[in-house]
Amino acid sequence: MNKFIIRRLLQFIPTIIIVSFVIFILLNIVPGDPAFLCGDTRRAMDAKTMEMIREKWGLNDPFYLRYGKYLGNLVKGDLGISFQTNRQVSELLKERIPVTLKLASITMLIAILGGVFLGFISGMKQGSFLDLFCMIGAVTGRSIPSFWLGLMLIYLLSVKLNILPSGGYGGGNILYLILPAFSLGIGYMALIARVTRASVIDVMNEDYIRTARSKGLSEFVIRYKHIFKNALIPVITIIGLQFGGLIAATVVIEKVFSLPGIGSLLIQSIYRRDVALVQGCILLIIFSFLIINFVIDILYAYIDPRIRYQ
Amino acid sequence: MMKKFLRSKNILFGGIIIITLILLAVFAPLFAPYDPVKDLDLTRALEPPGRAFLMGTDPYGRDLLSRVIYGTRISFTLGLIIQTLNTIIGVSLGLCAGYFGGKIDDMIMGLTNIMLSIPTLILALTLMVVMGPGIINLIIALGFVSWTYTCRVTRAETLSIKERQFIEAARASGVSNFRIIRKHILPNILSPILVIATLGIGGAILMAATLGFLGLGAQPPSPEWGAMLSSGRDYIWAAPWLCVFPGLAIFITVLGLNLLGDGLRDILDPRLITKKYKN
């Protein structure tokens, strides 16, 4: 097991370095001089001021030196200073992280609970009306754009019925996160329901279920102890695969509901062309994606020993 | 084979939706009552859906129905071009990696792994930041980010076909590598590629609309659905129809393509069928 973790860790570290390099290269060939953006964009700056700003931010250094410096600071957790707000990028990110994390966790909770429940009951009653209903729901849920669903929910529940807030964070009040989490979660829920259903149907036809039945076990025990537990394995796989991308998916939904998370910070900084902040947000999202995937890999190896030797 | 196609409900429904939408896109000027961009008239701004304007009008008094119909054109064109680019890149790299193996395989798979370690939306977003908003840049950004899945499937299929005897026979009779790939391998791996490509068009349309919604893709006044939703968001209290119809159009399009892709997969990918009907 330890060997496996070390091997994965050795793959993980180069990936992080390469990815941060790719992002750094991409964002530092952005057309438009960052020095120009630091100042007052409404007035033309004289050459002397521009030179001063360039010197201050180290924009005169050669490319590789800037990357080296950036990487060095990155290890220390220093992501540079936002050009527009003159504050530490890491500080700005820290303020926003809880919002995004909270949204992502509630989304996942809704998706897992709803998806497993619907998939399980429709798998058990294959071909029934309920099954048909759930499967139509799963096809619909997969195709519906989350940002449009969000807008429609705002219209129905906030504008028309006035039950839930239409946007904003409300200082962390859970009511403000219900609609965003639901709009984002429905696609994942559909996927989880589909996988759960297929897996339940597979397991139901296994020999050990017939054995359990012929032993005379009660239907309750068979359902929840034999079928449910075994059917969950592929479901866990799919949940793991989806969870990494969830942080990236929050970007859109945060814009719909004006939530002050990493995603809306990213979009704002793109509009303002605040390169350091864009870079910080993107790296944070990618790192969380990689770290989640890394942890999930380790978890799998723990659950299923066969993976360790591949 | 044809019977199977006709019997599949997924293909039937998906096909009807997609054919209708393609007809709308091709003959947009015939169906749309107004010009989507130029027919401005502030005296009829924000009219609710009614007899004169089936889907209502936007803040500039443009007919929403016409804009949604022309949006079909943009979205389908974008989806097709983007997915064609992705398929060409994915298939070529996958074929090379699978057929030649060794160093080439390592390099291509290394590149694929780096691509996979960045979420697609974030990579596309980064490219859009670098290149600036606009339709052409959108095509470039999206055309180069989601080929990884095609590449991996192509590589795996190529690996398994490469070992078959008819490839060995072709090689023994002195056929060139390029010709073996083109004449013997490619035709044998077409069906999974077709399935992935069909499902990918839906994904590409959705991604293009997402970037449009974030303000990084097509720019107003272009009647692109995502961009329309983005500007409609500000009017959700006063004119909800501006949000309802463009989004509904995205939903129906993606739904149709997903149904079609699922149906094709059931028919063309025999391994999945055996898995499905094993019991």
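The values are calculated or read from the model by the stated rules, or taken from the named source; none is laboratory data. Being a predicted model, the structure only gives us computed values, none of them experimental. For neighbour counting, all protein chains shown are included, and Cβ atoms are generated from backbone atoms with ideal geometry for every residue, glycine included.
Values computed for the structure shown
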| item | result |
| --- | --- |
| Residues being farther than 16 Å from residue A:177 by Cβ and of a type in the set (S, T, N, Q) - total across segment A:247-293 | 5 |
| Residues of segment A:22-60 satisfying the condition of being in a helix (DSSP H, G or I), more than 30 Å from residue B:115 (Cα to Cα) and modelled with pLDDT under 60 | A:35, A:36, A:37, A:38 |
| Answer from A:267, A:262, A:239 - the residue that is of a type outside the set (Lys, Arg), closer than 30 Å to residue B:129 by Cα and in contact with a Gly (Cβ under 9 Å, 6 or more places away or on another chain) | A:267 |
| Total residues in segment B:100-118, condition in a loop (DSSP other than H, G, I, E, B) and closer than 14 Å to residue B:141 by Cβ | 1 |
| Residue in segment A:110-128 that is closer than 17 Å to residue B:252 by Cβ, touching a helix residue (DSSP H, G or I) at 6+ places or on another chain (Cβ under 6 Å) and outside any helix (DSSP H, G or I) present | no |
| Residues satisfying the stated conditions in segment A:138-162, i.e. more than 14 Å from residue A:179 (Cα to Cα), at the interface with chain B (Cβ under 8 Å from one of its Cβ atoms) and part of a helix (DSSP H, G or I) | A:139, A:140, A:142, A:143 |
| Hey, residue A:115 modelled with pLDDT of 85 or more, over 30 Å from residue A:219 (Cα atoms) and of a type outside the set (A, V, I, L, M, F, W, C) or not | no |
| Helices (runs of 4 or more DSSP H) contained in segment B:160-279 and holding at least 2 residues under 20 Å from residue B:81 (Cα atoms) and at the interface with another protein chain (Cβ under 10 Å from one of its Cβ atoms) | B:190-213, B:225-232, B:241-268 |
| Selection status of residue B:81, more than 14 Å from every other protein chain (Cβ to nearest Cβ), modelled with pLDDT of 95 or more and touching a Gly at 6+ places or on another chain (Cβ under 9 Å) | yes |
| Test: residue in segment B:115-122 that is modelled with pLDDT under 90 and farther than 23 Å from residue A:276 by Cα | yes |
| Number of the condition not met by residue A:225 [criteria: (1) out of contact with any Leu (no Cβ under 7 Å at 6 or more places or on another chain); (2) in a helix (DSSP H, G or I); (3) surrounded by 14 or more Cβ atoms within 10 Å (Cβ to Cβ)] | (3) |
| Candidates A:197, A:273, A:223 - the one that is touching a residue at least 60 places away in the same chain (Cβ under 8 Å) and either in contact with a strand residue (DSSP E or B) (Cβ under 7 Å, 6 or more places away or on another chain) or at positive phi (or both) | A:273 |
| Candidate set from segment A:61-87 (those that are over 25 Å from the mean Cα position of the chain (by Cα), among the charged types (D, E, K, R) and surrounded by 13 or more Cβ atoms within 10 Å (Cβ to Cβ)); member that is modelled with the lowest pLDDT | A:61 |
| Number of the exception - residue A:243 against (1) of a type in the set (A, V, I, L, M, F, W, C); (2) at pLDDT below 85; (3) not in a helix (DSSP H, G or I) | (3) |
| Scope segment A:240-287; condition among the small types (Gly, Ala, Ser), more than 10 Å from chain B (Cβ to nearest Cβ) and surrounded by 17 or more Cβ atoms within 10 Å (Cβ to Cβ); matching residues | A:261, A:264, A:276, A:280 |
| Tally of residues being buried (at least 20 other Cβ atoms within 10 Å of the Cβ) and of a type in the set (Lys, Arg) across segment A:88-122 | 1 |
